[in-house]
């Protein structure tokens, strides 16, 4: 009885809508909706015109914006394989509506549903990448018929923060899209897609009836976690509050949040000096966060919310009870609260962000703050952001200031500029990014960028920076060919070349690189890629970790070739493979035979029915003379052998039950080491020193059951197990290296979590 009333209460917002979202466009409002019947093939980018194969309908009422699709297609060809949310599989028919709600070309929401009701949503901003982090409060349903299938979307007015005015009409920019599995092709009513650089300029304007609607959502949670490895058991209670005034204001607040991983990260073995960047997967930090996004690919991000709740800092040597301090160290920080307030008003946006980690017995929680403002002036965008972090346990604080500027000079040319400054403990640093993209025509694109970060530039207290003491200059060109003969098996050829020069700020040149990539798409939906890259000899200025006496190592030129094939989706299975070969010149200052690398990957998927998908992958990497840093100017080369096995499973029962298994097992051997030393000129020389071989086994395993009570209200039961075993001078077999982390895990956690939406 309790479950019945709870479900009814949580479903009230859906029951109150005048339009029933059921995949049946039978309400009278659909007859007067704006109608779209012409679509253009945009992937591959042929712009072939299709008329009356797809019909899209759009209208609005006081509840929200409604979008419907009628997709004419024989029922026998319709595929409806279920996927996880935000998984863009090629195994299902799909419809998507992309909307720039403010009509100003700065941000669009990509909302899609696959036949079978799997949901996908993402955001696209002018200066950033296509991001799938956002999970919006919208619903969609699909339904099959004999000669067509239907999708129906409901986007409430408060699905996101929009500009508000007293006008009766709202101008939106949009495109409607359809994906057909038979030829793995997208068609778009505006002839564009989010990955294209002229995306915002080509969206179609439309006036719809304008309304405002406030929203107050309360998300309480209860979570219980038991770690069998550490014998620690925790129970947490907390809540998130989301308030949208419907007048351009939005407030997000979380108290004592549970940010335990509902989805495990990929296993990445990283011996380099650069930190690995991990995407944010926690719901609160992905909601309404795009205003604070100032980033440039994987090079830098001014705010990296994964810093919040990261491993605490300790100073156990200064504690009276040093042993107790060492034994109580945690790999994460609890969070007292996080708050975000944003406001939109005409062409201006403003935001405030704050978060505070919890104080513990032997550590003090960090404090994070950010202020953000942004204005649109005709075809230009000018913004400012300030971040500040207080770290009492390390007696430090850091401040970052950013001015960002975008100028859309024409449909062909867009320029970007970021000016950054940092201050940490009284030391100042500077950085900048200047970039352009130019499209002389629909099938070609040129781009160029300059980056500069001085030695004292510090971004990693709150943000992410791949490296400082860095100068980068890069140019690229991309061109596509689509005009093939009718009897040709090829439908697209894509050619891309990038030339990059990097150095430190003292002028020590890293190897410059030339990367040439090619992609061919065939009519049977298979794809083949072949890439070539060349790196010149030069100075590696990061491997010695900024050692003042030995700032770099001279390395040799390198050439590599890669082939990658994706097979068509057969009825119940598919596969793909990749091979690559690298070769570098030998060193003359020690007994070198030259660097060599061989890489091979084979992966496959089985989907025996619409509700089950199994994936497996096997990778092998072998390197000769793999160069690794030990300490100071001491290095070594090894024969490296790495194998990675992964297995994933997704199973669905209806739209309520979902089981996901995600696993990766890594075995790495570094054998036959040879000690090297670098002199002050960066030259590698032999060193008469004993270096140990080593092995590293890493396991990551997670199985998660999710039951959806109502949209955005879920019960999770999660079992996670992971380990990392590093050994020196051992003769373990690969199977033993894989097995040891499983038998001796660092974490073995069973979690139960309720998260409800009111």
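The values are calculated or read from the model by the stated rules, or taken from the named source; none is laboratory data. Remember, predicted model here, so these are calculated numbers, not experimental data. Virtual Cβ from ideal backbone geometry, glycine too; neighbours counted across all protein chains shown.
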Please specify each residue of the range 1-51 satisfying the condition of being over 18 Å from residue 156 (Cβ atoms), at pLDDT below 70 and not in a helix (DSSP H, G or I). 1
Where residue 133 falls short, out of the listed (1) modelled with pLDDT of 90 or more; (2) touching a helix residue (DSSP H, G or I) at 6+ places or on another chain (Cβ under 7 Å): (1)
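Would you check if residue 525 is under 25 Å from the mean Cα position of the chain (by Cα), crowded, with 17+ Cβ neighbours inside 10 Å, farther than 30 Å from residue 429 by Cβ and outside the structural domain of residue 186 (by TED's automatic domain parsing)?
The answer is no for residue 525.
Residue-wise test of (1) more than 14 Å from residue 462 (Cβ to Cβ); (2) buried (at least 16 other Cβ atoms within 10 Å of the Cβ).
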| site | (1), (2) |
| --- | --- |
| 401 | no, yes |
| 408 | yes, yes |
| 414 | yes, yes |
| 418 | yes, yes |
| 427 | yes, no |
Just to be sure, is residue 486 under 27 Å from residue 278 (Cβ atoms), at pLDDT below 95 and part of a loop (DSSP other than H, G, I, E, B)? no
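Does at least one position in the range 407-422 carry a residue that is assigned by TED's automatic domain parsing to the domain that holds residue 302, closer than 30 Å to residue 245 by Cα and within 28 Å of the chain's Cα centre (by Cα)? Break it down stepwise before answering.
Residues of the range 407-422 assigned by TED's automatic domain parsing to the domain that holds residue 302: 407-422.
This time we only want the ones that are closer than 30 Å to residue 245 by Cα, so: none.
Checking the range 407-422: not a single residue is assigned by TED's automatic domain parsing to the domain that holds residue 302, closer than 30 Å to residue 245 by Cα and within 28 Å of the chain's Cα centre (by Cα).
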Against the condition at pLDDT 90 or above and either within 23 Å of the chain's Cα centre (by Cα) or not in a loop (DSSP other than H, G, I, E, B) (or both), how does residue 337 come out, does it pass? yes
Restricting attention to the range 163-177, report how many residues are under 28 Å from residue 37 (Cα atoms) and in a loop (DSSP other than H, G, I, E, B). 1
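For every residue, the table says whether it meets (1) in the same structural domain as residue 400 (by TED's automatic domain parsing); (2) part of a strand (DSSP E or B); (3) closer than 23 Å to residue 271 by Cβ.
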| position | (1), (2), (3) |
| --- | --- |
| 497 | no, yes, no |
| 519 | no, yes, no |
| 532 | no, yes, no |
| 549 | no, no, yes |
| 562 | no, yes, yes |
Check whether at least one residue in the range 504-520 is crowded, with 16+ Cβ neighbours inside 10 Å, more than 30 Å from residue 435 (Cα to Cα) and out of contact with any helix residue (DSSP H, G or I) (no Cβ under 7 Å at 6 or more places or on another chain), and report yes or no. no
Identify, from the list 152, 87, 75, 53, the residue that is buried (at least 19 other Cβ atoms within 10 Å of the Cβ) and in the same structural domain as residue 191 (by TED's automatic domain parsing). 152
With the structure loaded, tell me whether residue 355 is free of Cβ contacts under 8 Å to residues at least 60 places away in the same chain, surrounded by 15 or more Cβ atoms within 10 Å (Cβ to Cβ) and under 26 Å from residue 245 (Cα atoms) or whether it fails that test. yes
Could you grab the pairs with beta carbons closer than 6 Å, sequence gap of 6+ or different chains, first residue in the range 52-70 and at positive phi and without any contact (Cβ under 8 Å) to a residue 40 or more places away in the chain, second one surrounded by fewer than 19 Cβ atoms within 10 Å (Cβ to Cβ) and part of a strand (DSSP E or B)? 52/37
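Only one residue in 270, 231, 227, 217 is on the phi < 0 side of the Ramachandran plot, free of Cβ contacts under 8 Å to residues at least 12 places away in the same chain and outside the structural domain of residue 420 (by TED's automatic domain parsing), so which one is that? Give the derivation first.
Numbers: 231 fails: on the phi < 0 side of the Ramachandran plot; 227 fails: free of Cβ contacts under 8 Å to residues at least 12 places away in the same chain; 217 fails: free of Cβ contacts under 8 Å to residues at least 12 places away in the same chain.
Only one candidate qualifies: 270.
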Checking residue 458 against (1) modelled with pLDDT under 95; (2) within 30 Å of residue 308 (Cβ to Cβ), which single condition isn't satisfied? (1)
Can you name every one of the strands (runs of 3 or more DSSP E) wholly within the range 646-758 that holds 2 or more residues which are within 30 Å of residue 120 (Cα to Cα) and outside the structural domain of residue 142 (by TED's automatic domain parsing)? 657-678, 694-710, 713-728, 747-755
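Going by the conditions given, is residue 539 touching a strand residue (DSSP E or B) at 6+ places or on another chain (Cβ under 8 Å), over 30 Å from residue 604 (Cβ atoms), in contact (Cβ under 8 Å) with a residue 24 or more places away in the chain and not assigned by TED's automatic domain parsing to the domain that holds residue 45?
Details: touching a strand residue (DSSP E or B) at 6+ places or on another chain (Cβ under 8 Å): yes; over 30 Å from residue 604 (Cβ atoms): yes; in contact (Cβ under 8 Å) with a residue 24 or more places away in the chain: yes; not assigned by TED's automatic domain parsing to the domain that holds residue 45: yes.
It is true that residue 539 is touching a strand residue (DSSP E or B) at 6+ places or on another chain (Cβ under 8 Å), over 30 Å from residue 604 (Cβ atoms), in contact (Cβ under 8 Å) with a residue 24 or more places away in the chain and not assigned by TED's automatic domain parsing to the domain that holds residue 45.
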I'd like to check something: does the range 291-309 contain any residue that is modelled with pLDDT of 85 or more, touching a strand residue (DSSP E or B) at 6+ places or on another chain (Cβ under 8 Å) and farther than 25 Å from residue 423 by Cβ? no
